[in-house]
Structures are given as structure tokens and as C-alpha cells.
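The values are calculated or read from the model by the stated rules, or taken from the named source; none is laboratory data. It should be emphasised that the depicted structure is a prediction, and the values quoted were computed from it without experimental measurement. Every residue, glycine as well, gets a Cβ built from its backbone with ideal geometry; the counts of neighbours run over all protein chains shown. When the accessible area is computed, the model is the full protein with side chains, heavy atoms only, and any ligands, DNA or RNA have been set aside. Shrake-Rupley method; radii C 1.70, N 1.55, O 1.52, S 1.80 Å.
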Amino acid sequence: MRLDTLLERLEYKVVQGSAETEVTTLINDSRKVENGSVFVCISGAVSDGHKYAAEVAEKGAAAVVVEKDVEVPADVTVIKVEDTRYALALMSAAYFGYPAEKLKIVGITGTKGKTTTTYMIKSILEETGHKVGLIGTIEAIIGEEHIPAANTTPESYTVQSYFDRMVKAGCDCVVMEVSSQGLMLHRTAGIPFEIGIFTNIEPDHIGPAEHASFEDYMHCKGLLFQQCKLGIVNMDDKHLEQVLKGHTCRIETFGFSEKADLRAENTKLVSRPGYLGIDYTAEAKDFHLDVEIDIPGKFSVYNSLTAIAVCRHFGVSKEDILKALAQAKVKGRIEMIKVSDDFTLMIDYAHNAMSLKSILTTLREYEPKRLVCLFGCGGNRSKIRRYEMGEVSGNLADLTIITSDNPRDEEPQDIINDIKTGMAKTNGKYVEICDRKEAIAYAIHHGQPGDIIVLAGKGHEDYQEIRGVKYPMDERDLIRDILAGK
């Protein structure tokens, strides 16, 4: 492949050599460079690819793409661009033959609700015969293959390689989570999104390694709406106007607001032992649908409304929407596990104070006899998170079972002690059981009629990380063993 073919949608300057150089592979990891590679120097948070320019030249790289000056032998072509991350995204698209242009891509951004909504949309579209790829926080799905995810939105080369594989697997649509980091770091640059979705925004991901401020976070989320044909957005979010600043797409709204294009009316909670759900009517100018979902809470209404709004654009029938919503389940997101006819048990990924508060507040609305919350906190992470989660559970749960999560390099008991510091600010009752399996067994064996028990923090994870080693541990297996008396 000729280098100028990869660069055809970019502005660039040839500093040395020729843009007509033949190249073999496109690489941004110096360890993977081989003879004839073009190496894109990315200035990362941890290391700067420009430092490896001479090393990759020695390994046989035919060209390097840079945004800073580098010194390499005269036989290596040097291409200068303004932003190498942006260049990598557009070069990756060219490298794979622009696979995104052969797919209808739905991108979802927001602080909460992205994961559940992607699975709901995938489920509905598949019900109507579409073959749908998925890229998200938990995994990428290509046909029958499930690839565990490292980032919500992978690096641009990986995204384009997934699109390429999806096209080859016969997919016609893709639903993907688009993180603010992904937008900020140009991982999604050059993708022609059919539909962009905004779920909601709250101050999160703000800090030295992420976003400088809430304004910056909102701006990055809003970049999606300069890159899609249609934006479907949550009218009830008070920051909507700021997120949409500078948008270039058509806009449709959803929410509880009377002004929303698609709105939820007549909402009512549904509760019986082992089952929590919500009923509502979805209303629009030319549309009326009575919906029941077996995922509790107001945010389930938002997630399903979003999915309905998207699927109307794909011409999905009401029957197929309802059928698919009934089947749309997300591993580890308010996932109910039947263990008793007397009480309700669920697994949820809530692993910070905001998400824990959200789920416990939601479950409180169902007026359980007792609300029991089991959780731990990850090691090598902020102690503040532990204090906050202890305080949230102490205030909202009738009983907290403090246990271990992924202790990583810390002592589990030290983490538990930090959680108890937060608990001490409340009058909440708690027990501490360091071993997670024992803690879950305690929750099940002490369950009372009318209880709602939530196992928080692990969600879809099927491992426990201790001192750099990931040991197999899936809460569904632990529950099965406990019920079998193992």
C-alpha cells in the first residue's frame, strides 16, 4: 500500500523522503514495528512515541508520522501533521478501506446509561433481522465472537479493525459507546455516525488524567454532535444546551418533559418477589406504545425510550420493539438472579458513590422490607471513593455488608477500614465479611421476605485481582455454589 493512500484525507507535510513510499503495516506501538511499517508517533499520557522514532527506523520502519521534530536516517520518510492521534484515526480508516462507510453506526455518549442502551438497541435491531456489531465498556461483539474490552472506546486503529471484521462478518449496523475520552483523543475521528445519542451528564471523569473541568467534559461529549447526521438527546438534562453547543446535526429529543419529541407518560413501578420492573406509555406525535420493562427505576425508562427513539428510524414495528425490550439483558447491570420466592437479589456494577447512590435510591422507591447492600472497593484507587461509598450505603441501605472487591496490591482489611470511616458518619448498620463468597452466602442465608439485596461493584467482571493476578471469580458461579451448599 502506498503511504499517500493512507494520508489521502489528511493535511500533511513531507519533511523527508516521499509520500509515495510503499508501506506494509500501520503501527502505533513501537514493539510491533516490522520491515516496511509506517509508525505513528503518539504523545501519550505515559510515554511519547516520538522517543522511539530512531528505534523503529532500526527495526525497518519505512516511514514515521510525527507532530514534533525527530531525527531518523535519510532513507526513512518523515510526514508531519498537526495531530498524530487524529492522523492515526483517518489513516486507520484508509488502511482498512473505510469500513465504517459500509455500516450504519449509532454512537452513544453520556455519563450513565450507555452500556444498557447499547444492548437494548442491539436487541431490538436484531429482532428485525439486522446483523449488529457492538463496541462498549464490557466487550466488543462481532458475529458470535465476544472480545473483552480494555477501554469503553478502543484506540482508533482497533475501532477500524473491528468495523472491518464486522463488515466481513455480514454486519450492517454497529452500536457503540462513545466516551468523552474517546472523542477527546480522536479515537472516533472520521467515523460517519448515522445517529448520535446523548443520555445525560454529571460531573465525573474530572482529574489530571481525564478532563480538566466539567466544561471540558461537556465540550468533549458534544463533539459527537458535530459528527453525526441525527442527534437523539435527553431533553430533561439541564446541561443539554451546553453539550449541544456547535452541533451540526438534526436534533430529536426524548424524556419526561411535555416538550420532548418522544416522551414517557403514566409511569408506574411493578414489584413482586424476585421481580422489579416499570410500566409506562411512550408517546410521540404519530406513536403510542405501552411498555413494561423488567429492569427497575426511572433510568430504565430513559434507556428504553432512547432505544425506541433510535429503532423508529430503522422502521422497527411496535411488536418487535416490545419483544426485544423484554429480552434485552445486560450482564451485571441490575441483573436479577432468582434465589428465593421471598426476596429479590441482583448484581450491579455500581462501583463509585454516584452509581451506588443512584441504584440504592431507585430500589428504595420499591419500598422493600429491608434494602441490603453488599460491596467492597478496589485497591490502588482513591480512598475518598471508599469514604463516600461507605457514607452512601450507610445512609440509604438498612444493612450494609462490607466485603472485598479487587484489592490489587492493598490489604483487603485496610480497604474495609476506609469504608467503615465513611459508614461512621451515618447510623447505618453493617457487618464486615472479608471473603466475598462468604459475604454473599451471609446475604442469601439471612434474606428476609420482602428484602431487596444488591451485590454491588463487580457486575460483569468474572475475576478478582489480587497482587497483579486475576483469579477467576464470577458472582453468578458463587451464588450457584452457595445454593448447592458448596
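Residues in the range 268-285: is at least one among the acidic types (Asp, Glu), open to solvent by 40 Å² or more (accessible area, probe 1.4 Å) and either on the phi < 0 side of the Ramachandran plot or without any contact (Cβ under 8 Å) to a residue 40 or more places away in the chain (or both)?
no
Quick one: what pairs do we get from the range 345-358, first residue in contact (Cβ under 8 Å) with a residue 24 or more places away in the chain and among the basic types (Lys, Arg), second assigned to a loop (DSSP other than H, G, I, E, B) and open to solvent by less than 10 Å² (accessible area, probe 1.4 Å), C-beta under 9 Å, 6+ apart or different chains?
Lys357/Ala350
Consider Ser47 carefully, then state whether it is at pLDDT below 95, touching an Asp or Glu at 6+ places or on another chain (Cβ under 9 Å) and open to solvent by 20 Å² or more (accessible area, probe 1.4 Å).
On the way: at pLDDT below 95: yes; touching an Asp or Glu at 6+ places or on another chain (Cβ under 9 Å): no; open to solvent by 20 Å² or more (accessible area, probe 1.4 Å): yes.
No, not satisfied.
Please go through the range 6-30 and pick out each residue that is modelled with pLDDT of 95 or more and under 36 Å from the mean Cα position of the chain (by Cα).
Filtering the range 6-30 for residues modelled with pLDDT of 95 or more gives 6-27.
Correct list: Leu6, Leu7, Glu8, Arg9, Leu10, Glu11, Tyr12, Val23, Thr24, Thr25, Leu26, Ile27.
Search the range 420-432 for residues that are buried (at least 17 other Cβ atoms within 10 Å of the Cβ) and pair each with any residue that is hydrophobic (A, V, I, L, M, F, W, C) and in a loop (DSSP other than H, G, I, E, B) when their beta-carbon atoms are under 9 Å apart and the residues are at least 6 apart or on different chains.
From the range 420-432, the pairs are Gly428/Ala397; Tyr430/Ala397.
Considering only residues that are within 15 Å of Val330 (Cβ to Cβ), open to solvent by less than 20 Å² (accessible area, probe 1.4 Å) and touching a Lys or Arg at 6+ places or on another chain (Cβ under 9 Å), which ones fall in the range 117-139?
Within the range 117-139, Ile124, Val132, Leu134, Gly136 meet the criteria.
Among the candidates Asn303, Asn266, Asn234, which residue alone is modelled with pLDDT under 95 and not basic (Lys, Arg)?
Result: Asn303 is the single residue among Asn303, Asn266, Asn234 that is modelled with pLDDT under 95 and not basic (Lys, Arg).
Only one residue in Gly277, Gly255 is over 24 Å from Lys104 (Cβ atoms) and in contact with a Pro (Cβ under 8 Å, 6 or more places away or on another chain), so which one is that? First the steps, then the outcome.
Values: Gly255 fails: in contact with a Pro (Cβ under 8 Å, 6 or more places away or on another chain).
Result: Gly277 is the single residue among Gly277, Gly255 that is over 24 Å from Lys104 (Cβ atoms) and in contact with a Pro (Cβ under 8 Å, 6 or more places away or on another chain).
Does the range 115-150 hold any residues that are closer than 23 Å to Tyr98 by Cβ and out of contact with any strand residue (DSSP E or B) (no Cβ under 6 Å at 6 or more places or on another chain), and which are they?
Selection gives Lys131, Gly143, Glu145.
Does Glu391 satisfy the condition of being more than 20 Å from Ile347 (Cβ to Cβ), in a helix (DSSP H, G or I) and at pLDDT 95 or above?
Yes; evaluated as a whole, the condition is true for this residue.
Among (1) within 20 Å of Leu90 (Cα to Cα); (2) over 15 Å from the mean Cα position of the chain (by Cα), where does Cys173 come up short?
(1)
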